[in-house]
Amino acid sequence: MSRRDEIAANLVSVRARIADACAEAGRYADSVGLVVVTKFFPASDVRLLAGLGVTDVAENRHQEAEAKAAECADLGLRWHFVGGLQSNKAAAVAAYSQVVESLDRAKLVDRLDGGAERTGRVVDVLVQVSLDPPGADHRAGVAPAELGELADRVAQASWLRLRGLMAVAPLGEDAGAAFARLLEIRTAVITQHPDASELSLGMSADLEQGVAAGATHVRIGSAVLGSRPPVQ
Ligand SMILES: *Cc1c(COP(=O)(O)O)cnc(C)c1O
């Protein structure tokens, strides 16, 4: 089977999973977008995805993302950045990302805003929320208690547009339960910022739980492109 056929078959099954999850949740099948996470996979795969109708791709490491976005600049894709953001790289990320989903601290706001201004293009932002239990060895994401203030800062930045929230299910907890907590946390943000209604929830292993919790898009890597080499 060619790589194109393999990716095409995987896309069919992922789209069917999304459609089934929507039916199960009583949602329209076109209410959930698909963002394909292309980290570790070559630009040639991104090109195949574009040819198969994918409009949105995501990356999580700046150098890899920057190179791939440049190589695929002719494809008209929307690039999402979903990885850990270093403050000294945030401005550079704004140069090729239409959507940054992993903004999780105040220090990044001005950097990203400055980068967007230099690029001359408003960047959509999702604030990443940590769903880890309080006090747990905290990975990425703003603590829910600090979300409101961070969202306000993003909304005030001239070159950023606050579009919503992103989260990753914590390790060792049922994704559905964690995502349900996010829905409560989100209510206050939407009240303050009615346009921030996007919700990026669900990966290959838990897309059904993401859709059930109201995801407006899911971020799918391995179920479309195959397993990645283990990190480190
Ligand atoms: C890698 C990654 C994904 C995709 O993960 P899969 O399990 O391969 O679908 C989604 N979101 C983020 C933030 C990621 O880093």
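The values are calculated or read from the model by the stated rules, or taken from the named source; none is laboratory data. Values in this document were obtained by computation on a predicted structure and should not be read as measured data. We place every Cβ from the backbone using ideal geometry, glycine too, and count neighbours over all the protein chains shown. Surface accessibility is based on the protein's heavy atoms, side chains included, excluding ligands, DNA and RNA. Shrake-Rupley method; radii C 1.70, N 1.55, O 1.52, S 1.80 Å.
Tabulated data for the structure shown
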| quantity | calculated |
| --- | --- |
| Any hit, the stretch 158-167, residues being away from the ligand (no atom under 16 Å from the Cβ), under 20 Å from the mean Cα position of the chain (by Cα), in a loop (DSSP other than H, G, I, E, B) and modelled with pLDDT of 95 or more | yes |
| Tabulated pairs, the stretch 213-227, first closer than 19 Å to GLU198 by Cβ, second open to solvent by 10 Å² or more (accessible area, probe 1.4 Å) and charged (D, E, K, R), C-beta under 6 angstrom, 6+ apart or interchain | THR216/GLU198 |
| Subset of the stretch 78-133 (residues that are assigned to a helix (DSSP H, G or I) and within 15 Å of the ligand (Cβ to nearest atom)) | VAL93 |
| Residue count for the stretch 198-232, restricted to those that are part of a loop (DSSP other than H, G, I, E, B), touching a strand residue (DSSP E or B) at 6+ places or on another chain (Cβ under 6 Å) and either more than 10 Å from the ligand (Cβ to nearest atom) or farther than 26 Å from VAL46 by Cβ (or both) | 3 |
| Residue in the stretch 56-73 that is most open to solvent (accessible area, probe 1.4 Å), counting only those that are among the charged types (D, E, K, R) and assigned to a helix (DSSP H, G or I) | GLU71 |
| Criterion: surrounded by fewer than 16 Cβ atoms within 10 Å (Cβ to Cβ), of a type in the set (Val, Ile, Thr) and at pLDDT 95 or above - qualifying residue of THR216, THR191 | THR191 |
| Count of residues meeting criterion [surrounded by 23 or more Cβ atoms within 10 Å (Cβ to Cβ) and within 19 Å of PRO144 (Cα to Cα)] in the stretch 82-99 | 2 |
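Residues are listed down the side, and each one gets a yes or a no for (1) within 25 Å of GLY202 (Cβ to Cβ); (2) touching a strand residue (DSSP E or B) at 6+ places or on another chain (Cβ under 7 Å):
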site: LEU77; (1), (2): yes, yes
site: SER87; (1), (2): no, no
site: ALA90; (1), (2): no, no
site: GLY115; (1), (2): no, no
site: PRO134; (1), (2): yes, no
